[in-house]
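Heads up: the structure comes next, in structure tokens.
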Amino acid sequence: MLDAIEKLLILQDRDRKCQRLLTELDNVAPQRAALHGRAQKARDALEAARQKLRQIESDRKQLELQVEEQKQHINRYSLQQFETKKNDEYRALAKEIDGCKATIVRLEDRQLDLMEQAEVAQTAVAGAIHLADATTKAADAELALLAERETSLQNELAAARQGRDQLAAVVDAGLLARYERLRNNKGGRVVVGVDHSACGGCHMQLPPQVVLTAQAAQEITVCPNCARILYHHQDMDLAASE
Ligand SMILES: [Zn+2]
């Protein structure tokens, strides 16, 4: 195999490693957002549960005020009854008082109903507190791991890039430029083996002359179809003759 091809293959391997690391690093931000989102959702659920309880308690207070108001009406009507000498006025006031008492019974029924609702809502708040705490703790732990992973990926990438640049420095400038152009255009693998007389990149059947040139390994050979750089080694002959 040509020395230049060997160097390119190692360079390609490092470049692909850098690419894998970059892809992993790109995934860090969405993972972090998902963890923050999960914790936020649990906190939102807690706030909603608290809000519901506050609403029930405020409704209960409202009912208490209404009961108080009815009681004041009754007091006033009773006083008026005490002061009146007319029978029909007395009876009318008695009817008003009965109406107020009936209203109080209805209000107290609703108060009981709200007390039951408040109990359920309190249990829901306690559950939501527990869930929000647990979710936040779990998310924080995962975020810490993710931060560690990100740092280690960044370090790994920096080292891989440095190694890659050192390798690139010893590759022939013209060949390196061609390799980089191909990588920019096609991504992935651009130095490919000849596989059963076909290009290992685009899989088109190669003209015999191109296969022979690659086999001879005296000069850089490229696929006439996709322009990827071709190489050939002994194992390929075995594979081809199978
Ligand atoms: Zn090709």
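The values are calculated or read from the model by the stated rules, or taken from the named source; none is laboratory data. Worth saying up front: this structure is predicted, and the values here are computed from it rather than measured. Cβ placement follows ideal geometry from the backbone for every residue including glycine, while neighbour counts extend to all protein chains displayed. These accessible areas exclude ligands, DNA and RNA; they are computed on the full protein's heavy atoms, side chains included. Shrake-Rupley method; radii C 1.70, N 1.55, O 1.52, S 1.80 Å.
Give the residue from A102, T84, A34 lying farthest towards the positive end of the charge dipole for the stretch 10-117; charges sit on Cβ (+1 for Lys and Arg, -1 for Asp and Glu) and the dipole is referred to the Cα centre.
Value: A34.
So what's the stretch 31-91 giving for Cα Rg divided by 2.2 N^0.38 Å, two decimals?
2.43
Using only C-alpha atoms and all pairs of different ones, pull out the Kirkwood radius for the stretch 1-108 in Å with one decimal. Please list the in-between numbers first.
On the way: mean 1/r = 0.0469 Å⁻¹.
Evaluated over the stretch 1-108, this radius sits at 21.3 Å.
Given the whole protein assembly as supplied and a 1.4 Å probe, what does the accessible area of R228 come to in Å², nearest 10?
Roll a 1.4 Å probe over it and R228 shows about 40 Å².
Scan around N225 for amide H atoms under 5 Å from its own, H built in the peptide plane at 1.01 Å from N, and keep only partners 5 or more places away or cross-chain.
none
Under 28 Å from the Cα of K86, which lysines turn up, not counting those fewer than eight places away in the same chain?
K71, K95, K101
Can you list the trypsin sites (Lys or Arg not before Pro) in the stretch 52-122 that are in a DSSP coil and have 11 or fewer other beta carbons within 10 angstrom?
Counting only loop positions with at most 11 other Cβ atoms within 10 Å, the trypsin sites (Lys or Arg not before Pro) in the stretch 52-122 are K85, K86.
If each residue of separation counts as 0.36 nm, what is the full-extension length gain between A92 and Q162 once their alpha-carbon separation is subtracted? Can you show the working numbers first?
Values: separation 70, 0.36 × 70 = 25.20 nm, distance 9.91 nm.
Full extension of this stretch gives 15.3 nm more.
With the dipole of the chain worked out from charges on the C-beta (+1 for Lys and Arg, -1 for Asp and Glu) around the Cα centre, which of N75, T151, L11 lies farthest toward the positive end?
N75
For the chain, what is the percent of antiparallel DSSP beta bridges, rounded to the nearest 5?
60
Compute, for S197, the solvent-accessible surface of its heavy atoms (probe 1.4 Å) with the complete set of protein chains present, and express it in square angstrom to the nearest 10.
50
Output needed for the stretch 114-242: three equivalent-ellipsoid semi-axes, defined as square roots of 5 times the C-alpha gyration tensor eigenvalues, in descending order, whole Å.
Output for the stretch 114-242: semi-axes of 59, 21, 13 Å.
For the chain, take the longest principal axis of its alpha carbons; what is the angle in degrees between that and the long axis of helix 173-186, to the nearest 10 within 0 to 90?
Helix 173-186 sits at roughly 40 degrees to that axis.
Taking the Cα atoms of the chain, what is the range of coordinates along each of the three principal axes, in descending order and whole Å?
Result for the chain: principal-axis Cα extents of 131, 35, 32 Å.
Summarise the accessible area of the stretch 173-241 (1.4 Å probe, protein heavy atoms) by the percent that is carbon and sulfur.
Result for the stretch 173-241: 50 percent of the exposed heavy-atom area is carbon or sulfur.
Under 23 Å Cα to Cα from K52, which lysines show up? Leave out anything in the same chain fewer than 8 places away.
K41, K61
Using θ = phi - 60° and the Karplus relation 6.51 cos²θ - 1.76 cosθ + 1.60, list the HN-Hα couplings for the stretch 71-77 in order, rounded to whole Hz, with x at every Gly or Pro.
Karplus-based 3J(HN,Hα) across the stretch 71-77 equals 5, 5, 4, 4, 4, 5, 4 Hz.
Over the Cα atoms of the stretch 173-241, how large are the radius of gyration and the largest Cα-Cα distance (Dmax), in Å?
In Å, with Rg to one decimal and Dmax whole: 11.6, 36.
Among N225, Q209, G193, pick out the residue whose Cα is farthest towards the positive end of the charge dipole of the stretch 173-241, where Lys and Arg carry +1 and Asp and Glu carry -1 on C-beta, about the Cα centre.
Farthest towards the positive pole: N225.
Stick to the Cα atoms of the stretch 74-187, pair each with every other, and give me the Kirkwood hydrodynamic radius in Å at one decimal. Write out the running numbers ahead of the final one.
On the way: mean 1/r = 0.0433 Å⁻¹.
Value: 23.1 Å, from the Cα pair sum.
Output the lone cysteines of the chain: those with no second cysteine's C-beta under 4.7 Å from their C-beta.
Lacking a cysteine Cβ partner under 4.7 Å: C18, C100.
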